[in-house]
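Input: a single structure, listed below in structure tokens.
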Amino acid sequence: MRSPDGPDRRVARVPLDPRTPVIVGVAQVTHRPDGTDPPAVDSPDATALMAEAVRLAMSDTGGHAPERVDVLAIVNTLSWRFGDPARLVAERAGLEPRRRVVTPMGGNSPQALVNSTARAIASGEIDFAVLTGGETWRTRMRARRAGVELDWPRVDPEFVEAEPPEVWGSELTMNSEHETSLGVYMPVQIYPLFESAIRARRGADGVDPVTHLEQVAAMWSRFSAVAESNPYAWSQRALSPDEVITPGPSNRMVGSPYTKVMNSNNDVDMAAALIVCSAERASALGVPRERWVFPHSGADCHEHPLVSERDRLDEVPAVRAGATLALDLAHVSLADVDLIDLYSCFPSAVQLGARAIGLDPYGDRPLTLTGGLSFMGGPWNNYVMHAIATAVERLRGEGERAFVWANGGYVTKHSFGVYGDRPAADGFRWGSPQDEVDALPRRTCAQGADAAGVAHIESHTVMHDRDGGPERAITTVITESGNRAWALSDVSDVATEIAEGDHVGRRVTVDNDARLHL
């Protein structure tokens, strides 16, 4: 797809606005501590890995080190309560940023950061930004199990209170008090529910449950094959479809039908960084043109925040609206896109996202650049920064356009980006279809006496214990009045029965305490 006259002459064909945002440096760090011995008290923490990624990304630009950094932005961390991780990363990386920024929680954060940064550069608000994120959850958990007190830093609360970092973005309440009281708020519980709804919908089209699971396993096997050749991936062994879905000692059932390898793997120590600046600044720093990659467009939006209130569990209309908008703003269709990375915390996320934007999740077209969160690694909120870094590296070498979808919550918060190896004709463009999404239908979640009585199962999963035994059945049901309700059971016989087969549409009863009775 590349023209024979090379990247320098190709970029020069379009007169560049000096405010054009460009990504000029990327880096990824995968730290693999010895898994046999307890971690040392001075094992590297997430800010140390982030600082290393920042230094590598600066070097990756191939230009001169900047004298001024306008923004250092950090994707919110979960491995440790640093207080102000941006302050620590700045000190460790030798930066003196004019502004320190942190994101809210959510896997959409890296792409949302790129969108915000590109907008700020295009408007002249900033000129040079360093974006980074990382986690050392594996070391943290190993230390906890071994009783090791890690000597990781915390910024004095007084400093944080006196000079807090900026927050780019806002938190979104994604759980109701009712859901929380029932103990239904973990992604490992919710995403398998989506899977059963997807399976039932495909069943109506003639795809039986066995075939569906085989196709999902084949999809996940292809993701593992991508990770196998990714030098930064945590798990670099391709799995067969049978290995994906067959429970065993190292692949226990978690929430049916998802085995361990079908869940996001947050047990990793990883970091990534992006250097984003204006075209004018990139030229002044002497960054070679072949290092430049251009954000063409972005979009941000969210579904109805509460899963309980969504109209359907087998559709994500905000993904359809947001992806369509991002592509329209870039004046391209998916047929024009060479590289795609869809958020892949669980198989249901990929299926929902792909179907929403008109892709076949079970087809041969690659839907991941890295191997996804199960195999590449799922460093909590920061996976997509690795996807963007990989897209940049690929665009420099072989592609012309890339599309990235980032997701936070329960397929809730979405951020989209279109990237190219040449500038967009009308510069970076951003939008949000949120008003359109907010106007879509939503259901009422019935509780207590309003939920009691006869209902039909809409979605279901069973959480399993560490030994692989069925432990707790979780379902959503549609009541006779058409409302949605939660129905759960800790009864062993009920959990065992729900764990086997497809029960969507099954007639059940629910009592005032949201207990499920078959």
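The values are calculated or read from the model by the stated rules, or taken from the named source; none is laboratory data. Since the structure is predicted, the reported quantities are computational estimates derived from the model, not experimental observations. Neighbour counts are summed over all protein chains in view; Cβ atoms, including those assigned to glycine, are modelled from backbone coordinates with ideal geometry. Keep in mind that these areas ignore ligands, DNA and RNA; they rest on the heavy atoms of the full protein, side chains included. Shrake-Rupley method; radii C 1.70, N 1.55, O 1.52, S 1.80 Å.
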Problem - Within segment 7-31, considering residues that are open to solvent by 20 Å² or more (accessible area, probe 1.4 Å) and outside any loop (DSSP other than H, G, I, E, B), the one modelled with the lowest pLDDT - result: Arg9
Practice task
Would you mind telling me which numbered condition in (1) in contact (Cβ under 8 Å) with a residue 60 or more places away in the chain; (2) in a loop (DSSP other than H, G, I, E, B) Glu96 fails?
Solution key: (1)
Practice task
Only one of these is out of contact with any helix residue (DSSP H, G or I) (no Cβ under 6 Å at 6 or more places or on another chain), touching a residue at least 60 places away in the same chain (Cβ under 8 Å), among the hydrophobic types (A, V, I, L, M, F, W, C) and surrounded by fewer than 17 Cβ atoms within 10 Å (Cβ to Cβ): Leu193, Leu172. Name it.
Solution key: Leu172
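Residues checked against (1) on the phi < 0 side of the Ramachandran plot; (2) surrounded by 21 or more Cβ atoms within 10 Å (Cβ to Cβ); (3) in contact (Cβ under 8 Å) with a residue 24 or more places away in the chain:
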residue	(1), (2), (3)
Glu480	yes, no, yes
Arg484	yes, yes, yes
Gly501	no, no, yes
Gly505	no, no, yes
Practice task
Search segment 90-118 for residues being more than 19 Å from Phe428 (Cβ to Cβ) and open to solvent by 40 Å² or more (accessible area, probe 1.4 Å), and hand back the single one that is nearest to the chain's Cα centre (by Cα).
Solution key: Met105
Exercise for the section: Return the total of residues in segment 454-468 being open to solvent by 20 Å² or more (accessible area, probe 1.4 Å), closer than 14 Å to Met253 by Cβ and not hydrophobic (A, V, I, L, M, F, W, C). Expected result: 5
Exercise for the section: Please work out which one of (1) farther than 30 Å from Val216 by Cα; (2) outside any helix (DSSP H, G or I); (3) out of contact with any strand residue (DSSP E or B) (no Cβ under 7 Å at 6 or more places or on another chain) is the condition Glu161 fails and give its number. Expected result: (2)
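Restricting to segment 341-370, name every residue that is among the acidic types (Asp, Glu) and surrounded by 24 or more Cβ atoms within 10 Å (Cβ to Cβ). Before you say what the answer is, go through the steps one by one.
Quick first cut of segment 341-370, residues among the acidic types (Asp, Glu) only: 341, 360, 364.
Within segment 341-370, Asp341 is the sole residue that qualifies.
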Practice task
Name the residue, out of Ala218, Ala227, that is in contact (Cβ under 8 Å) with a residue 40 or more places away in the chain, farther than 30 Å from Met105 by Cβ and either open to solvent by less than 40 Å² (accessible area, probe 1.4 Å) or among the β-branched types (Val, Ile, Thr) (or both).
Solution key: Ala218
Problem - Wholly enclosed strands (runs of 3 or more DSSP E) of segment 333-438 bearing at least 2 residues of a type in the set (A, V, I, L, M, F, W, C) - result: 339-341, 401-408, 413-420
Practice task
Answer yes if at least one residue in segment 423-446 is open to solvent by 40 Å² or more (accessible area, probe 1.4 Å), at pLDDT 95 or above, among the hydrophobic types (A, V, I, L, M, F, W, C) and closer than 27 Å to Arg312 by Cβ, and no otherwise.
Solution key: yes
Practice task
Could you tell me whether any residue of segment 181-190 is among the hydroxyl-bearing types (Ser, Thr, Tyr), farther than 25 Å from His456 by Cα and out of contact with any strand residue (DSSP E or B) (no Cβ under 9 Å at 6 or more places or on another chain)?
Solution key: no
Exercise for the section: Sort through Asp328, Asp338 and tell me the only one that's charged (D, E, K, R), without any contact (Cβ under 8 Å) to a residue 40 or more places away in the chain and over 18 Å from Tyr383 (Cβ atoms). Expected result: Asp328
Problem - Near pairs, Cβ below 6 angstrom, 6+ apart or cross-chain, from segment 103-131 (within 13 Å of Arg281 (Cβ to Cβ)) to any residue that is part of a helix (DSSP H, G or I) - result: Ile126/Ala120; Asp127/Arg281; Phe128/Arg281; Ala129/Thr117; Val130/Val54
Completion exercise
Within segment 276-300, restricting to residues that are open to solvent by 10 Å² or more (accessible area, probe 1.4 Å) and within 20 Å of Ser109 (Cα to Cα), the one that is farthest from the chain's Cα centre (by Cα) is His296
Problem - In segment 371-417, residue surrounded by the most Cβ atoms within 10 Å (Cβ to Cβ) [restricted to those that are charged (D, E, K, R) and more than 13 Å from the chain's Cα centre (by Cα)] - result: Arg401
